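Here you go, one structure.
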Amino acid sequence: MKENDCIDEVVRVKDVFFQYHGQPVLENIAFVIKKGSFTGLVGPNGSGKSTLIKLILGLLNRRERGEIYLFGTPLEKFKQWSKIGYVSQKANSFNSGFPATVFEVVAMGLYGKMGLFRFLRKGEKEKIDEALNTVGMLPFKKRPIGELSGGQQQRVFIARALVSEPEFLILDEPTVGVDAASVKKFYQLLLKLNQEKNITLLLVTHDIGVMTRYVTDVLCLNKTLHFHGTAQDFETSDLSSVYKHDVQLVTHEHGGFHT
Amino acid sequence: MIEALLKYEFLQHAFLVGGLIGFLAPMLGVFIVVRKLSLIADTLSHLTLTGIACHLFLTQHFSFFLQLHPLWMGMSFSVIGAVLLEKLRHIFHSFKEFAIPVVLSSGIGLGVVFLSLADGFNNDLFQYLFGSMIAVTKEDVWTVFFVTVIVMGLLMLFYKEILFLSFDEEQARVSGIRSNFSQLLFIVMTALVISISMRIVGILLVSSLMILPVATALQFARSFKQMFAYAIIFGELAVVFGMWAAFSFHIAPGGTIVVLSLLLFIVLLSGRKLLGLPVRVYRSKKEEM
Ligand SMILES: Nc1ncnc2c1ncn2[C@@H]1O[C@H](COP(=O)(O)OP(=O)(O)OP(=O)(O)O)[C@@H](O)[C@H]1O
Ligand SMILES: [Mg+2]
């Protein structure tokens with residue numbers, strides 16, 4: 001395939017293998033994420049979901065084999081990082097006493113886009129307010145980030161990922177520690193971003209029941225790719241029921257861990 | 001004191017230099033504290049001493065070095081050490097703190113060798129260790145001013161990058177920030193500021209001037225911007241009054257400056273406690289677990 005051949009492809013993963021210290025974690029992974037899709041990535045704990053995402057983002061560079069393309073460009077040459085927003089699974093593992101306000105944290109989302117020697121302008125400040133408003137955190141703008149609850153911090157990090165107006169948003173279990181009512185609102189927000197702003201979404205979650213109601217595609221991972229197809233196909237497949245059962249357990253354990 | 005200040009040129013120089021480092025040291029200190037790099041500051045200050053010892057040794061054998069300010073050699077060692085530290089931290093990825101004792105002890109060892117060879121265990125050494133206001137020359141002022149301009153320029157250029165990296169390295173990298181380069185730049189800036197601070201505060205006490213005002217600022221700041229403001233205010237207070245006390249009572253300024261910063265920290269912290277305000281502790285989630 002030539003570069004930029006298919007601009008409607010946001011991610012292309014080809015025959016990717018990965019191991020941590022000789023321990024294989026991903027084997028023979030291949031898939032494509034199309035522009036405008038909303039993909040749910042599911043799989044039990046330790047199945048390699050976060051690892052796969054870090055590979056896509058170039059955060060792990062000891063890839064054993066395989067190729068990854070972002071927006072048609074090989075990962076190694078990809079430079080337009082502001083097109084991608086990322087909320088990591090451990091988003092709130094930052095230093096809790098870090099003396100920065102919510103506003104300052106969200107502003108960081110714009111740093112990659114801004115040139116050297118540039119400070120925030122009015123338009124950029126408005127964008128930050130808008131992103132905070134989207135996640136319902138505008139009233140907390142001036143509060144130190146360390147003084148917020150875990151779920152509130154999570155929302156701030158989502159705002160930071162949104163502020164640079166990415167075309168592709170990757171969220172690794174963003175709703176862990178977020179209350180049920182907010183989870184619903186959060187999914188509706190994702191749907192809005194996907195449908196109105198045409199942002200391509202990749203969402204890692206254990207919450208299969210809820211997820212399948214919103215996503216267009218499902219990736220099912222457990223070291224190898226077990227399923228890749230539309231949400232409807234996933235619902236009718238055997239995998240769906242197996243995972244629903246498995247994952248229910250997993251979700252509970254998970255919740256326990258974080259509280 | 002004011003009379004003396006008007007009368008003695010060296011005192012004017014000393015206060016100029018002090019004013020600049022009272023501003024720069026806490027400013028970089030803000031990043032050092034939030035990144036938990038205090039030990040790196042100490043390591044780099046000891047390397048400055050190694051460089052100065054090397055200069056001392058070289059002047060005895062090559063007259064060329066007599067024309068050179070010892071601080072340049074100190075700065076070179078400190079900067080080279082900073083680069084080395086970064087490299088070592090990459091090599092021992094999972095044991096990053098391992099790099100510090102290696103560089104620190106090698107630096108001190110080498111410094112002692114140079115000092116012994118140069119017969120340098122004398123009054124001069126004492127000044128380098130604990131600081132001095134005597135005989136601060138115009139050349140000192142220019143050197144410090146020059147470094148201040150460079151460091152301020154770099155900090156303004158790379159403020160966003162360094163702040164984001166300090167907050168969350170992974171996210172910063174995903175935003176396309178070149179983490180290795182910014183990291184290296186920051187540590188080199190730290191090396192430069194440490195070297196120039198040494199003239200007044202002394203090698204053994206430089207890192208406290210970078211850390212203590214920031215620790216105090218942490219109690220009051222409600223944003224990252226405020227951190228700088230408070231840290232610089234506390235830093236300048238300590239330096240100016242510390243130098244005044246040092247001159248009046250014939251004490252090494254490094255001592256008075258650090259003791260004053262410490263007093264400021266204790267008084268303001270107790271004040272907060274008495275007023276029933278929370279005392280903030282800086283720690284990461286990892287340590288809480
Ligand atoms: N830094 C690391 N070093 C070594 N092994 C690792 C590391 N990170 C993850 N692993 C291993 O790789 C495997 C996949 O981990 P990964 O974090 O990708 O799983 P996950 O699907 O995201 O799980 P979860 O649902 O718990 O988030 C696990 O077996 C884990 O033990
Ligand atoms: Mg994970």
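The values are calculated or read from the model by the stated rules, or taken from the named source; none is laboratory data. Since we're looking at a predicted model, the values are computed, not measured. Neighbour counts are summed over all protein chains in view; Cβ atoms, including those assigned to glycine, are modelled from backbone coordinates with ideal geometry. Note: accessible area is taken over every heavy atom of the protein model, side chains too, but ligands, DNA and RNA are not part of it. Shrake-Rupley method; radii C 1.70, N 1.55, O 1.52, S 1.80 Å.
Have a look at segment A:4-258 and give its Rg and Dmax from the Cα atoms, expressed in angstrom.
18.1, 56
Keeping all protein chains in place, calculate the accessible area per residue for the protein assembly as shown (probe 1.4 angstrom), answer in Å².
46 Å²
Over segment A:130-236, with every protein chain in place, what whole percent of the accessible area is carbon and sulfur at 1.4 Å, could you tell me?
After summing per-atom areas, the C and S share lands at 48 percent.
List the aspartates and glutamates whose Cα lies under 14 Å from the Cα of A:LYS77, skipping any in the same chain that are fewer than 8 positions away.
A:GLU3, A:GLU67
Oh, and also: Of the DSSP beta bridges with both residues in segment A:4-258, give the percent that are antiparallel, rounding to the nearest 5.
Restricted to segment A:4-258, the bridges split so that about 55 percent are antiparallel.
In debye, nearest 20, what is the charge dipole magnitude of segment A:4-258 about its Cα centre with +1 on Lys and Arg Cβ and -1 on Asp and Glu Cβ, if you could check?
Dipole size: approximately 920 debye.
List the accessible area buried at the contact between A and B, summed over both sides and calculated with a 1.4 Å probe, in Å² to the nearest 100.
Summing both chains' loss of accessible area gives about 3100 Å².
Continuing with this model, one more query. Any lysines with Cα under 18 Å of the A:LYS197 Cα? List them, leaving off those in the same chain fewer than 8 positions away.
A:LYS34, A:LYS35, A:LYS83, A:LYS127, A:LYS185
For B:LYS138, go through the lysines and keep the ones whose alpha-carbon is under 28 Å away, minus same-chain ones fewer than eight residues off.
Output for B:LYS138: B:LYS7.
Using the scaling law 2.2 N^0.38 Å as the reference, what is the normalised Cα Rg of segment B:161-203?
In units of the 2.2 N^0.38 Å rule of thumb, it is 1.47.
Give me the Kirkwood hydrodynamic radius of segment B:138-289, using the inverse of the mean 1/r over all pairs of distinct Cα atoms, in Å to one decimal.
Hydrodynamic radius (Kirkwood, Cα only) of segment B:138-289 equals 17.3 Å.
Count neighbours as other Cβ atoms within 10 Å of each site's Cβ, and list the chymotrypsin sites (Phe, Trp or Tyr not before Pro) in segment B:1-73 that are DSSP loop with at most 16 such neighbours.
For chymotrypsin sites (Phe, Trp or Tyr not before Pro) across segment B:1-73 that sit outside H, G, I, E and B with at most 16 neighbouring Cβ atoms in 10 Å, the list reads B:TYR8, B:PHE62.
Take the alpha carbon gyration tensor of segment B:1-110, find the square roots of its eigenvalues, order them as a ≥ b ≥ c, and report rounded if a/c is under 1.5; if not, report prolate when a/b exceeds b/c, else oblate.
Since a/c reaches 1.5 but b/c is at least a/b, the shape of segment B:1-110 is classed as oblate.
In addition: Using only the alpha-carbon atoms, what does chain B span along each of its principal axes? Please give whole angstrom values in decreasing order.
55, 47, 32
Let me ask something additional. How would you classify segment B:226-277 from its alpha-carbon gyration tensor, with a ≥ b ≥ c the square roots of the eigenvalues: rounded for a/c under 1.5, else prolate if a/b is greater than b/c, otherwise oblate?
Judged from the Cα gyration tensor, segment B:226-277 comes out oblate (a/c at least 1.5, b/c at or above a/b).
Excluding B:ALA53 itself, calculate the net charge of residues whose Cβ lies under 15 Å from the Cβ of B:ALA53, where each Lys or Arg counts +1 and each Asp or Glu counts -1.
Local charge sum for B:ALA53: -2.
Would you work out the charge dipole size for segment B:150-269 about its Cα centre, treating the Cβ of every Lys and Arg as +1 and the Cβ of every Asp and Glu as -1, and quote it to the nearest 20 debye?
Charge dipole, segment B:150-269, about its Cα centre: 120 debye, nearest 20.
Moving to a separate point now. Cβ under 15 Å from B:TRP142's Cβ, B:TRP142 left aside: what net charge do those residues give with Lys, Arg +1 and Asp, Glu -1?
Cβ neighbours under 15 Å give a net charge of -1.
Take A:LYS185, A:LYS34, A:LYS49 and sort them by solvent-accessible surface of the protein heavy atoms, 1.4 Å probe, largest at the top.
A:LYS185, A:LYS34, A:LYS49
Taking only Cα atoms and a 10 Å spring cutoff, compute GNM fluctuations for chain B and point out the largest among B:LEU212, B:LEU104, B:LEU275.
Maximum fluctuation in the GNM of chain B, among the listed residues, is at B:LEU275.
Strictly greater than 30 Å: what percent of every Cα pair in the protein assembly as shown meets that?
It works out to 57 percent of all Cα pairs.
Mind checking the dipole of the protein assembly as shown: about its Cα centre, +1 per Lys or Arg Cβ, -1 per Asp or Glu Cβ, Debye to the nearest 20?
Dipole magnitude for the protein assembly as shown comes out near 780 debye.
Right, here's the next one. What FRET efficiency would be calculated for the residue pair B:GLU139, B:MET1, taking the C-beta separation as r and a Förster radius of 25 Å, to the nearest 0.05?
That gives a FRET efficiency of 0.50.
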